[in-house]
Amino acid sequence: MNTIDNILSRNSTPRLVEPIPSKDELEVVYQCALRAPDHAWLRPWRFIEVSGKGLDKLSNAFENTASALGDNLPERLLKYKSLPYRAPLIIVIVSDIKEHSKVPPIEQKLSAAAATQNMLLALHDLGFGAIWRTGKVSFNEVISKELELPKSNEVIGYLYIGTPDGRQKKIPELKSEEFVTVWE
């Protein structure tokens, strides 16, 4: 698939099943992530690959995070506990912030986001489905502690990955003029 067709046809896929990418395919996905724009070559991203029994560990981390953040209703905790089982593979996206006089933390987070987009495009090109999820279990110190991350790290989201299951949602047709201002 050429780059433009890949970008224009990529879609978030909420229903995902086995099979997942092979180790070799995941290596391609990670190599694509590592090509993200990266001012000063800080490499401000880390990835945690979660599958199999690892989903149980992530499930407990989600439940503990929700509880610590005050979402203690039993049905809500059950919801958070079940979230990781919506896909056979999850990659936790971590922004690894480094002290640098010319590269502020927001720029480093944007680099991690660009790495994530590269991963989504690579997965699509390889024929897999994925969706980038965030929510209560992102952007807080509680989940970082649950995942045993250093203080300089922040979870910015999760890529749920697998083979698309069922009909895909329609890609909306957007008009660029609604988003672009031209100065001539």
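Values in this text are rule-based calculations from the coordinates and carry no lab data. Note that the coordinates shown come from a computational prediction; the quantities given were computed from them, not determined experimentally. Here the Cβ is made from the backbone with ideal geometry for all residues, glycine too, and neighbour counts use every protein chain on show.
Tabulated values for the structure
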item: Computed [θ] at 222 nm, helices only, for the chain once each DSSP H run of length n ≥ 4 contributes -39500 (n - 2.57); result: -11500 deg cm²/dmol
item: Most to least packed among 173-180, 121-128, 16-23 [average Cβ atoms within 10 Å]; result: 121-128, 16-23, 173-180
item: Calculated FRET value between N6 and Q31, using beta carbons and R₀ = 25 Å, to 0.05; result: 0.95
item: GNM result for the chain, Cα springs below 10 Å: residue of R86, R167, R76 fluctuating most strongly; result: R167
item: Sites F179 and I106, calculated FRET efficiency, Cβ-Cβ separation with R0 35 Å, nearest 0.05; result: 0.95
item: In nm, spacing of pseudo-spin labels at F139 and R43 (7 Å Cα→C-beta vector); result: 2.8
item: Count of lysine pairs in segment 23-129 with Cα separation under 19 Å (8 or more residues apart, or interchain); result: 6
item: Positive-pole candidate from T13, G52, S101, dipole of segment 3-166, charges at beta carbon; result: S101
item: Percent RCO, i.e. relative contact order, over the chain, from Cα pairs under 8 Å lying at least 6 residues apart; result: 34
item: Nitroxide proxy distance, nm - points 7 Å out along Cα→Cβ at A68 and E148; result: 1.4
item: Net charge of Cβ neighbours under 11 Å - reference D165; Lys, Arg +1; Asp, Glu -1; result: +2
